[in-house]
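Quick notes on the structure that follows.
Coordinate-derived values only; no laboratory data. Quantities reported herein were computed from a predicted structural model and do not represent experimental measurements. Neighbour counts are summed over all protein chains in view; Cβ atoms, including those assigned to glycine, are modelled from backbone coordinates with ideal geometry.
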Amino acid sequence: MSTKSIFLKFFKNFSLSAIVGSMLGFIFTGYLVTAQFVPPGADPPGGNVEPPINTSNTGQIKGGGLALNNNNVAIDALVAVQGYIQLAIVTGAPPAADCDAADERGRLMVDPAASAGNGDIWVCMGTGWKKR
């Protein structure tokens with residue numbers, strides 16, 4: 001057998017194996033891809049999840065309630081529900097250290113049990129809390 005015929009036989013066998021292997025690989029890969037596909041539950045845009053609130057300059061609307069800085073403790077949160085804002089609740093005057101700088105001005109806290117049950121609103125004026 002000449003070198004040329006050995007080369008041609010090897011190339012023929014290798015080519016046939018490569019073609020068959022590639023075809024089986026594509027079929028198997030296609031099966032795996034289609035086996036993982038789950039069709040949507042509704043026609044677009046139905047069934048979409050709500051987009052997240054982000055840090056853009058574009059106005060955003062949140063459909064449900066929103067709690068900021070909550071950490072699962074309602075007393076420390078700013079909560080907005082159904083058009084109402086609920087402020088953090090304190091008992092007695094808020095800590096003086098939370099209202100001793102100009103950039104803290106405008107903070108609000110509520111003490112519902114103060115003033116014989118009538119409640120107090122505490123407003124930070126930047127130089128200390130004022131009871132209203």
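Here are some notes:
- Reachable aspartates and glutamates, given that their alpha-carbon falls under 15 Å from the alpha-carbon of Lys9 and they are not under 8 places away in the same chain: none
- Listed by chain and number, the aspartates and glutamates whose C-alpha is less than 20 Å from the C-alpha of Lys62, apart from same-chain residues fewer than 8 away, are Glu50.
- Bridging of Lys131 to aspartates and glutamates at a Cα separation below 18 Å is possible for Asp98, Asp100, Glu104, Asp111, Asp120, once same-chain residues fewer than 8 apart are set aside.
- Take each peptide in 107-113, 49-55, 124-130, count the other Cβ atoms within 10 Å of every residue, and average; sorted highest first, the result is 107-113, 124-130, 49-55.
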